[in-house]
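Single-structure report; data block below.
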Amino acid sequence: MPRYIGKEMSRVDGIAKVTGKAKYAAEFQVPNLAYGFIVQSTVGKGTIKSIDTGEASRAPGVIRIYTHENAPKPAPPKSTELKPQDNAPERDKSFRALQTDQIFFNMQPIALVLAESFEQARYAARLVKTTYNEEKPTTNMEVALKTAFVPNPQRAPKPRGNPAQALKSSPVKIEAEYTIPIEHHNPMEPHGAIAFWENEKLTIFDKTQGVYTVRRHLATSFGIPEENVRVISPFVGGAFGSSLRPNYYPAIAAMAAREINRPVKLVYTRQQMFTGHGYRPHTWQKVALGAEQNGKLTAIIHEAVNNSSTFEDYSDNTTNFPRSVYACPNVDSSQKIVKTDLSTPCAMRAPGAVSGMFALECAMDELAYALKIDPLELRLINYADVHPESGKPFSSKALRECYQLGAEKFGWKNRKFEPRSMRDGRQLVGWGTATGVWGAFQQPASVKITLRADGTAHIASATSDIGPGTYTVITLIAAEYLGLSAEKVKFELGDTKFPRAPVQGGSFTTASVGTAVYESARNICQKLMNLANKESNSPLKTAKIDDLEMLNGNLQIKNNSSQKVNISELMRKNNLPELIDVHEAKPSSERQKYATGAHGAQFVEVKVDPDLRIVRVTRVIEATACGKIMNPKTSHSQEIGGIVWGIGMALTEATEIDHRYGRIMNPNLQHYHVPVNADVLNVETLFVEEDDKIVNPLGIKGMGELGMVGIPAAIANAVFHATGRRVRDLPITPDKLL
Ligand code: MOS
């Protein structure tokens with residue numbers, strides 16, 4: 001019986017976080033600190049004609065001001081700079097601040113003021129006077145849709161079957177366009193860094209999802225060996241994809257620190273976060289579905305376009321997941337981008353999947369109404385028992401069970417089919433459903449386990465914990481397989497002094513780092529067995545490694561604690577105060593024979609005020625199948641978080657741009673609306689656990705991002721059911737329902 005796996009564990013870092021002991025990047029105390037403040041452009045396109053820092057330089061406390069005119073240039077990027085495992089483009093064309101007089105987007109950083117205090121730097125920043133040769137920016141993707149192009153034609157998927165022909169001859173068809181505005185990650189912790197140099201060695205405290213990625217970025221920026229850069233990031237107050245890539249601020253913080261020969265702290269204001277780290281792109285989609293009268297899908301044609309910047313081709317991969325959700329013989333999908341005078345978008349919570357599934361799952365609802373088939377029934381009719389693209393079997397897929405369990409818990413059978421047919425007093429009631437999908441990814445990851453003769457263990461890996469509970473789940477897995485109580489295990493992360501791990505993204509951390517811990521613990525077991533069997537009277541002489549476990553300080557035969565060796569005694573006898581294993585785990589080749597993924601079903605109730613048209617999400621049931629759940633407590637928290645964000649995406653979140661100036665009008669939490677407690681009513685998350693030893697030995701699938709996918713569609717479908725109004729443009733604000 002597992003002692004920890006599958007049981008609720010509170011966050012091991014919880015007390016440190018709520019008492020303020022947990023230090024975030026900008027909170028480290030470094031003596032002789034200089035404070036930076038970023039000055040931003042007030043135009044959306046053009047060039048800087050003049051930038052006058054005279055008055056600002058004379059302001060109290062100012063140490064130095066950098067602009068494109070005096071900032072040192074970074075070393076030229078090498079083509080090897082970014083590696084494929086970072087999901088990054090091969091050539092780094094990311095925005096570098098203070099390198100040119102050219103303005104690529106409004107609120108672009110154009111100067112860095114350094115002063116003795118934050119307030120002095122901020123005050124002086126307002127005294128920098130800039131004139132521009134202004135040009136008209138193009139920021140509205142929808143008016144530039146005809147300029148859309150395929151960024152990676154060689155990687156574009158081929159059509160399946162003959163979709164155009166199949167659609168034409170389908171007895172029932174629907175076609176609709178769906179739009180999603182730009183949305184911004186708004187983690188509680190603003191992005192920030194503290195950088196300092198000791199000779200040619202750079203140390204930086206940075207908010208990041210991947211310390212190794214930042215290390216390589218900075219090493220290449222300064223033309224120094226990677227070993228000369230240390231990146232430290234023990235706590236991250238939310239990131240959601242906004243810290244997957246190095247943003248522009250660590251490089252200028254490090255540059256300034258080197259130039260003035262002092263530690264420099266640089267933190268974004270909330271406003272600066274809207275152009276400082278990317279965003280979910282503006283996305284336009286068109287979905288055409290064809291079906292037989294019995295509901296069988298005959299054709300899916302799914303087009304998507306997202307905006308990018310002028311200097312990078314960011315594709316959100318919107319149509320990738322939706323291609324493989326339903327059994328359909330004829331499928332075509334495309335992904336194009338439009339260049340706009342905005343900063344580059346980036347991955348944001350369930351990137352592509354949540355946007356693509358919004359369109360597909362709304363379209364499925366529209367088809368259900370065209371066919372007069374229950375929307376859940378339509379999904380079951382088109383259930384994909386094997387992967388429809390490759391024909392491979394799924395390593396596991398309990399989506400059918402999720403539909404059943406969710407529907408039962410929700411009471412879906414009591415739903416009346418017709419829109420506007422359900423009421424609660426004067427409130428219009430709507431019930432909607434949708435499907436969620438995400439990958440079951442695993443990346444190479446390394447850990448170091450130090451088992452000590454005193455019965456404690458130290459685990460280290462340069463992964464990150466942006467909030468999902470990685471500190472806790474890795475402690476839990478290590479305690480399980482080292483046979484120790486969790487209090488005896490200490491796990492550290494977020495430092496390039498630890499073995500390499502991938503960025504925390506794609507919901508692959510537990511599968512990747514957890515597998516490394518599991519395998520490394522087995523290596524420790526093997527080492528201990530070898531030591532024990534040096535003695536002629538070892539009770540483990542005939543044992544195989546698979547028969548052994550570590551438990552309560554002993555190495556023993558599983559389920560037979562009479563045959564055991566005390567680990568501490570064994571180590572002391574061999575003069576080993578500690579036993580170390582450094583191990584890299586890689587995804588198994590066995591996975592290639594299967595399709596792998598995580599799935600979910602959402603059931604949503606909305607109530608709509610018939611006069612004011614305000615939508616409230618009154619009830620959500622989400623059932624997900626994402627392998628084995630390591631820690632139910634933090635896992636439910638992930639899925640609840642996904643639902644909450646789905647409510648925001650469906651009903652309130654939008655970054656509004658004044659297209660005359662290409663300027664964001666609501667770069668703050670007053671006017672960019674995320675859900676608050678009062679917006680979130682009854683939410684219940686359920687897991688249908690899968691026993692899947694193909695994905696990895698512990699059966700771990702990605703589950704963080706999964707929880708959000710499908711929610712915006714389920715809400716939009718519920719709004720249609722309540723009101724009879726199909727809103728295909730997010731967010732669904734009351735004006736669109738009037
Ligand atoms: Mo997540 S968008 O993979 O950080």
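The single condition among (1) over 32 Å from the mean Cα position of the chain (by Cα); (2) under 20 Å from ALA486 (Cβ atoms) that ASN574 does not satisfy is (2). Counting residues in the range 699-712 that are within 16 Å of the ligand (Cβ to nearest atom) and touching a His at 6+ places or on another chain (Cβ under 7 Å) gives zero. Within the range 476-508, restricting attention to residues that are assigned to a loop (DSSP other than H, G, I, E, B) and among the small types (Gly, Ala, Ser), the residue that is surrounded by the fewest Cβ atoms within 10 Å (Cβ to Cβ) is SER485. Can you find a residue in the range 149-159 that is more than 25 Å from PHE358 (Cβ to Cβ) and either polar (S, T, N, Q) or in contact (Cβ under 8 Å) with a residue 40 or more places away in the chain (or both)? Within the range 149-159, one or more residues are more than 25 Å from PHE358 (Cβ to Cβ) and either polar (S, T, N, Q) or in contact (Cβ under 8 Å) with a residue 40 or more places away in the chain (or both).
Does at least one position in the range 530-546 carry a residue that is surrounded by 14 or more Cβ atoms within 10 Å (Cβ to Cβ), in contact (Cβ under 8 Å) with a residue 12 or more places away in the chain, outside any loop (DSSP other than H, G, I, E, B) and over 37 Å from the mean Cα position of the chain (by Cα)? So far as the range 530-546 goes, yes, one or more of its residues are surrounded by 14 or more Cβ atoms within 10 Å (Cβ to Cβ), in contact (Cβ under 8 Å) with a residue 12 or more places away in the chain, outside any loop (DSSP other than H, G, I, E, B) and over 37 Å from the mean Cα position of the chain (by Cα).
Candidates GLY436, GLY430: the one that is under 28 Å from the mean Cα position of the chain (by Cα), crowded, with 22+ Cβ neighbours inside 10 Å and assigned by TED's automatic domain parsing to the domain that holds ARG613 is GLY436. As for the range 309-328, it holds at least one residue that is of a type in the set (Asp, Glu), within 16 Å of the ligand (Cβ to nearest atom) and either closer than 27 Å to ALA713 by Cα or touching a Phe, Trp or Tyr at 6+ places or on another chain (Cβ under 7 Å) (or both). Taken together, ALA327, ALA304, ALA350 contain a single residue that is assigned by TED's automatic domain parsing to the domain that holds ALA601, under 30 Å from GLY391 (Cα atoms) and more than 21 Å from the chain's Cα centre (by Cα), which is ALA327. Pairing each residue of the range 431-448 that is under 16 Å from GLY646 (Cβ atoms) with any residue that is at pLDDT below 95 and not charged (D, E, K, R), provided the two are 6+ apart or on different chains, yields C-beta distances under 7 Å for TRP438/GLY702.
Count of the range 577-598 residues, restricted to those that are more than 21 Å from ARG522 (Cβ to Cβ) and within 27 Å of the chain's Cα centre (by Cα), is 7.
This table checks each residue for (1) of a type in the set (S, T, N, Q); (2) surrounded by 14 or more Cβ atoms within 10 Å (Cβ to Cβ); (3) modelled with pLDDT under 95; (4) touching a helix residue (DSSP H, G or I) at 6+ places or on another chain (Cβ under 7 Å).
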site: MET1; (1), (2), (3), (4): no, no, yes, no
site: ILE5; (1), (2), (3), (4): no, yes, no, yes
site: GLU8; (1), (2), (3), (4): no, no, no, yes
site: GLY14; (1), (2), (3), (4): no, no, no, no
site: LYS21; (1), (2), (3), (4): no, no, no, no
site: GLN29; (1), (2), (3), (4): yes, no, no, no
site: LEU33; (1), (2), (3), (4): no, yes, no, no
site: GLY36; (1), (2), (3), (4): no, yes, no, yes
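Applying the set (1) part of a strand (DSSP E or B); (2) more than 20 Å from ILE621 (Cβ to Cβ); (3) not hydrophobic (A, V, I, L, M, F, W, C) to GLY430 leaves exactly one unmet item: (2). Tell me, yes or no, whether the range 347-354 has at least one residue that is surrounded by 24 or more Cβ atoms within 10 Å (Cβ to Cβ), outside any loop (DSSP other than H, G, I, E, B) and in contact with a Phe, Trp or Tyr (Cβ under 6 Å, 6 or more places away or on another chain). Yes, there is a match, as at least one residue in the range 347-354 is surrounded by 24 or more Cβ atoms within 10 Å (Cβ to Cβ), outside any loop (DSSP other than H, G, I, E, B) and in contact with a Phe, Trp or Tyr (Cβ under 6 Å, 6 or more places away or on another chain). Taking the condition assigned to a strand (DSSP E or B) and either crowded, with 23+ Cβ neighbours inside 10 Å or touching a Lys or Arg at 6+ places or on another chain (Cβ under 6 Å) (or both), does VAL305 pass? Here the answer is yes, as VAL305 does meet what is asked. State whether one or more residues within the range 490-499 are within 16 Å of the ligand (Cβ to nearest atom) and under 30 Å from HIS387 (Cβ atoms). There is no residue in the range 490-499 that is within 16 Å of the ligand (Cβ to nearest atom) and under 30 Å from HIS387 (Cβ atoms). Just one of the listed residues (ALA407, ALA368) is surrounded by fewer than 24 Cβ atoms within 10 Å (Cβ to Cβ), part of a helix (DSSP H, G or I) and in contact with a strand residue (DSSP E or B) (Cβ under 8 Å, 6 or more places away or on another chain), and it is ALA407. Any residue at all in the range 364-371 that's closer than 27 Å to HIS185 by Cα and among the aliphatic types (A, V, I, L, M)? The answer is no; no qualifying residue exists. Taking the stated definitions as given, is GLY161 of a type outside the set (Val, Ile, Thr), modelled with pLDDT of 95 or more and more than 31 Å from the chain's Cα centre (by Cα)? For GLY161, the condition - of a type outside the set (Val, Ile, Thr), modelled with pLDDT of 95 or more and more than 31 Å from the chain's Cα centre (by Cα) - is met. Might you check whether a residue that is away from the ligand (no atom under 16 Å from the Cβ) and more than 24 Å from GLY506 (Cα to Cα) occurs anywhere in the range 240-248? The answer is no, given that none of the residues of the range 240-248 is away from the ligand (no atom under 16 Å from the Cβ) and more than 24 Å from GLY506 (Cα to Cα). Out of PHE240, PHE274, one residue alone is closer than 28 Å to GLY646 by Cα, aromatic (Phe, Trp, Tyr), part of a helix (DSSP H, G or I) and not assigned by TED's automatic domain parsing to the domain that holds VAL674. It is PHE274.
Each residue in the range 333-368 was checked for being under 20 Å from ILE711 (Cβ atoms) and either of a type in the set (Phe, Trp, Tyr) or within 16 Å of the ligand (Cβ to nearest atom) (or both), and 12 of them qualify. MET649 meets each of the listed conditions (1) over 26 Å from GLN272 (Cβ atoms); (2) in contact with an Asp or Glu (Cβ under 7 Å, 6 or more places away or on another chain) apart from (1). Against the conditions (1) crowded, with 24+ Cβ neighbours inside 10 Å; (2) assigned by TED's automatic domain parsing to the domain that holds MET529; (3) within 16 Å of the ligand (Cβ to nearest atom), VAL473 satisfies every one except (3).
Put simply, of GLU492, GLU535 the only residue that is in contact with a Phe, Trp or Tyr (Cβ under 7 Å, 6 or more places away or on another chain) and over 22 Å from LYS701 (Cα atoms) is GLU492.
The values are calculated or read from the model by the stated rules, or taken from the named source; none is laboratory data. Keep in mind the model is a prediction, meaning the values are calculated, not measured. Note that each Cβ is placed from the backbone with ideal geometry, even for glycine, and that neighbours are counted across all protein chains shown.
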